[in-house]
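J.: Can you keep this structure in mind? I'll have questions shortly.
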Amino acid sequence: MQLRNVRVKHWFSWVVVFMITVSSVMPLPGETVYAENNVYYVDSVTGSDANNGKSPQSAWKTLDKVNATEFQPGDTLMFKAGGVWTGTLHPKGSGTEGNPIKIDRYGEGSKPLISGAGAPATVYFYNQEQWEVRNLEITNDAPTKGVRRGIHIDGSSGTWTNPKVYKHFVFENLDIHHVKGDVSNDYAHNGGIIVWGTTWDYHVSDVVVNNCKIYSLDSVGIYLNGAQTKYSSNLKVTNNLIYDVAADGAFILNTTDGLIENNVVHDTHVRAGGYHVPLWVFSAKNNVIQLNEVYNTAPGGDAMAYDADYDSDETIIQYNYSHNNAGGAFLVVNNGTNAANKNTNTTIRYNISQNDSGAVFNFSGSPDTTAIYNNTVYLPAHSNTKIIDTLDWGGYAKNTFFYNNLIYNLGSGGYNFASSTNNVFENNLFFGSHPTNEPADPYKITADPQLASPGSAGIGRDTLAGYQLLNTSPAIGAGKMIANNGGRDYFGNPVSTTTAPNIGAYQGPGLDPNNLPPLPEAPSGENLLANPGFETGDFSDWPIHYNGASIENTNAHSGTYAAKLTGSTAGAEQTVDGLYPNTMYKLIGWAKSVDRGRAVLGVKNYGGSAKDAHINSTEYKRVEQIFTTGSTNTSATIYLYKAGGNGHVYFDDLELIQYSASPGQGEPPVSYPAGTDDDFDSATLDEQWRWVRENPAKWSLEANPGYMQMTSEQGDISGATGDAKNILLTGAPAGDWTIETRLEGKPTSRWSQGGLVVYVNDQTYIRMTRLYGEGNQFQLDTKINGVRNHTEILDTLSSEIAYLRIVKEGNTYTGYYSADGTNYTQVGDIQTAQLEDPKIGLIACAGTGLMANFDYFYIK
């Protein structure tokens, strides 16, 4: 009897255990499902939420399924390329240090698109950490504006004292655009990537936004808020392209050891009032802004390129390029209306400013102890930009030190120090105009600094070769020794700690004036408009004029005549030919209103959207518009217009000037000898070779002897503006030929590639490359006069070694690859192209994921 009872108890116990076990693994309705350290796939077309998601063939389908799953450390969530999902992606769970949860893509095709369609956020995390998100396209458009984000990292640490700090988010290779935010409602927390707790106490560290393209959205591109500098660190914004953004480009705040590096930001502040800056820090300690390019910031509050804002300490702004920004280059600000606020120990060094407006160096409020040294500033003849401007905001700047700066001022702007105190100037060079308020400097130099080609920079940080000094310059060795000088200059030259530096951003030995390398040519500054002040007394050279347009001999701004528009929608137009493609121009004009007329001065048909300025002033007002011609555009139409039926308007003294050097302008033609075979066995480059946009740091014949080693970097020739570095070329033989190479290296990051190229220019080429696009691929890429046709096939070779070949027969070109150098496979169709004087050679570009070792280059 007792034995039987024992058996019954054992049987009952096993039943209980089984039921507990089953209940622990089978979710109840509405419960979160827990993942198990796996790779999960999502396919918006053929997937099913009834699948287990653990292979492409058993993929999930919807965001609902993803959002109901709590992922575990080490899990990966893969969205299928070409797929489209609508709504908010809000996966649950957190990774652990060294074992984050990853979101990425799989398959071939465009980046997976997640469209928020007006949701508060397209991608959302709350009280989570250790996530990495890559290779998605993210939008959040809507018919009307509202508080919206592309990505929002939200949460609450629960306290401001000893809070939980959430760590590690990576956002990389993302395209984020068309986020319909609201610039008038909490503008800073609308936009592309927003890291900020809505309760303000979300503490976060180790956030990286890298290599993203963020554009055409409202209100800010990137906003990273760590909550408190005491707990937050390492917020980083690197290698991003940001443009057409309503307000600010990117800023980080309430953090320590932050970094804003190697970004290109242009055309911001375009749809917002208020005070906005493309790149800046706020309430931050030991943050660095470096190696960036900012241009075309639109007019409005602030509108400088770079800003060290208040409650900050030890901010460094260095090695940056600023040009054509409405507010100027640099801002240092502190809200002095509150005694607790501070901004101390800012350093601005080794930067170059060209053609900025407003004021180059701006101070607002009461920043204390700012060091500004070894910067180069260029202002053209028509500029009225101030060199320094100081404004009151509960006080004025104090203890500002200007050392070793090179000021090349051909304009009329001067210096406004207001009530600032202890402004110290030593060893600066002031050349060109000398306004009466130019500061005293006991070691001032006013001689020509002998820059190689001042005013000649264009778009790109690598276009500033003209700001190197000649070796005969009086600025060589004429600077003041600076402790903790950063160790290098804008161009990468070392800065000595034991000998006097140069004045300006260049610290090299100087260029030999008798043996100069090819240099860009500075724009002439001539007015490209005909009859710009209407002093012919008629509309000569303005062939289109209508609805009550006339020339009057009264109300001129200067001279005798002005254009008057009276009728509703009256106007006049002039088309200017002979412009350079991919080049910046500035339109300047004076206009005024009578009886509430509205004057409009603008430009169209240049390769971009029409741009104009509106004038309601009853006195003549000067307005400007900066535009960049398209990749193939060589003309633009300037228009004068009267908007509406009220009153009439006047225009006078119009100017159109080239505002940047055009790509290649002023450079002598490069001669290419007939190419020959090269085994790359020498430690020096054979004399047959020529570089396009050489970067010496990214190629070597010694790092791997017997090979030409080229390390790929950002920049390509596939787009409208070519910026690929290190294209190695020699002359192509006459007649039919074949070129071959043996490539060791397999690309590992998006768009990185290397191989053979037949090159005329950035708009006309044929290349056969090993590529990482939609996975590993071989690509035949043809672009003729800007029209591109490309074919990719799967790279199935497991080996790092691949053989590449391009065969020319008549005017046809065919691309091949091989695993063994004997049996070749054709890639894509035969291409027909009539190439004029082509060059042949090697290329590695478009990403940072390839070290290409070329064993040889053969011509047959």
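The values are calculated or read from the model by the stated rules, or taken from the named source; none is laboratory data. As the structure is a prediction and not an experimental result, all values here were calculated from the model. In this analysis, Cβ positions are derived from the backbone assuming ideal geometry, glycine residues included, and neighbour counts consider all displayed protein chains.
Results for (1) among the charged types (D, E, K, R); (2) out of contact with any helix residue (DSSP H, G or I) (no Cβ under 6 Å at 6 or more places or on another chain); (3) free of Cβ contacts under 8 Å to residues at least 24 places away in the same chain, shown as yes or no for each residue.
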site	(1), (2), (3)
Gly786	no, yes, no
Arg805	yes, yes, no
Ser818	no, yes, yes
Tyr824	no, yes, yes
Asp829	yes, yes, no
Gly847	no, yes, no
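J.: Shifting gears a bit: Could you look through the stretch 572-628, keep only residues that are of a type in the set (Ser, Thr, Tyr), in contact with a Phe, Trp or Tyr (Cβ under 7 Å, 6 or more places away or on another chain) and under 23 Å from Asp244 (Cα atoms), and pick out the one that is surrounded by the most Cβ atoms within 10 Å (Cβ to Cβ)?
T.: This residue is Tyr606.
Conditions (1) β-branched (Val, Ile, Thr); (2) touching a Phe, Trp or Tyr at 6+ places or on another chain (Cβ under 7 Å); (3) at positive phi, marked per residue:
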| position | (1), (2), (3) |
| --- | --- |
| Ala802 | no, yes, no |
| Thr812 | yes, no, no |
| Ser818 | no, yes, no |
| Glu836 | no, no, no |
| Ala846 | no, yes, yes |
| Ala852 | no, no, no |
| Lys860 | no, yes, no |
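J.: While we're on this one: Does Gly492 satisfy being exposed (fewer than 13 other Cβ atoms within 10 Å of the Cβ), closer than 28 Å to Ala478 by Cβ and within 28 Å of the chain's Cα centre (by Cα)?
T.: The answer is yes for Gly492.
J.: Sticking with this structure for a sec: In the stretch 325-345, what residues are surrounded by fewer than 21 Cβ atoms within 10 Å (Cβ to Cβ), touching a Ser or Thr at 6+ places or on another chain (Cβ under 6 Å) and among the β-branched types (Val, Ile, Thr)?
T.: Within the stretch 325-345, Thr344 is the sole residue that qualifies.
J.: Taking the stretch 646-667, which residues are part of a loop (DSSP other than H, G, I, E, B) and surrounded by 21 or more Cβ atoms within 10 Å (Cβ to Cβ)?
T.: Tyr659, Ser660, Ala661, Pro663
J.: Among what's in the stretch 265-310 and is assigned to a strand (DSSP E or B) and among the β-branched types (Val, Ile, Thr), pick the residue that is farthest from Val183 (Cα to Cα).
T.: Applying the filter and picking the extreme gives Val288.
J.: Hey, another quick one. Name the single residue that is nearest to Asn582 (Cα to Cα) among those in the stretch 446-485 being part of a loop (DSSP other than H, G, I, E, B) and among the β-branched types (Val, Ile, Thr).
T.: Residue satisfying both the conditions and the ranking: Ile459.
J.: In the stretch 803-826, which residue that is hydrophobic (A, V, I, L, M, F, W, C) and surrounded by 22 or more Cβ atoms within 10 Å (Cβ to Cβ) is farthest from Thr764 (Cα to Cα)?
T.: The qualifying residue farthest from Thr764 (Cα to Cα) is Leu804.
J.: Same structure, new question: Has the stretch 622-645 got any residue that is among the aromatic types (Phe, Trp, Tyr), part of a loop (DSSP other than H, G, I, E, B), under 22 Å from Ala556 (Cβ atoms) and modelled with pLDDT of 95 or more?
T.: No, because not a single residue in the stretch 622-645 is among the aromatic types (Phe, Trp, Tyr), part of a loop (DSSP other than H, G, I, E, B), under 22 Å from Ala556 (Cβ atoms) and modelled with pLDDT of 95 or more.
J.: Next up: Could you count how many residues in the stretch 430-444 are surrounded by fewer than 18 Cβ atoms within 10 Å (Cβ to Cβ) and assigned to a strand (DSSP E or B)?
T.: 1
J.: Now for a separate question. May I ask you to list the residues in the stretch 221-274 that are more than 14 Å from the chain's Cα centre (by Cα), of a type in the set (Val, Ile, Thr) and surrounded by 21 or more Cβ atoms within 10 Å (Cβ to Cβ)?
T.: Within the stretch 221-274, Thr229, Ile252, Thr255 qualify.
J.: Which of the following residues is within 30 Å of the chain's Cα centre (by Cα), among the charged types (D, E, K, R) and over 30 Å from Glu261 (Cβ atoms): Glu552, Glu521, Glu535?
T.: On inspection, the qualifying residue turns out to be Glu521.
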